[in-house]
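All remarks here apply to the structure that follows.
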Amino acid sequence: MANRADVYVKNVLTDNINVIRKLPDGTIDLNTSIANGDEEGVHLAGPEVSLIINAPEGKDIKDCHVKVKSDVDLAVSHSRTDSNWAIKIVPNDLPPDVPTTVNVDVGESGP
């Protein structure tokens, strides 16, 4: 099973977005801000690790598009209450040594 991935998060909104990497025990080992037009790479080291992308403060995510392109199976969820998206790798049939990449564009105006 491919159990890790490099995730590239690109911000195409006018405001900064916040990206958090949450470990299996619930601790956070990465908390970074991505400015408009910038992209940040985040390594997900296993299916228990999640990536949380927070919308800018005051932004309702129902009006904010997210486009995900992935080489691995993902669970992508959103929370309108917390104004964020969560991304995790799910069990898959890919060999463990297959390089996996996920591209996430936040603020994309359409699919």
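Values quoted throughout were computed directly from the atomic coordinates according to the rules given, and no laboratory measurement underlies them. From a predicted model like this one, the values you see are computed outputs, not experimental measurements. Here the Cβ positions follow ideal geometry from the backbone for every residue, glycine too, while neighbour counts run over all protein chains shown.
Its Kirkwood hydrodynamic radius, worked out from the mean inverse distance over all distinct Cα pairs, puts region 27-80 at 13.4 Å. Where (1) 6.7; (2) 7.4; (3) 10.9 are the candidate values, the label of the one calculated here for mean projected area of the Cα convex hull in nm² is (1). A DSSP coil position with no more than 11 other Cβ atoms inside 10 Å describes the following trypsin sites (Lys or Arg not before Pro) in region 9-107: ARG80. The string of couplings for region 71-87 from the Karplus curve (6.51, -1.76, 1.60, θ = phi - 60°) is 8, 9, 5, 10, 9, 10, 10, 9, 10, 5, 4, 8, 6, 8, 10, 10, 10 Hz, one whole number per residue in order, with x for Gly and Pro.
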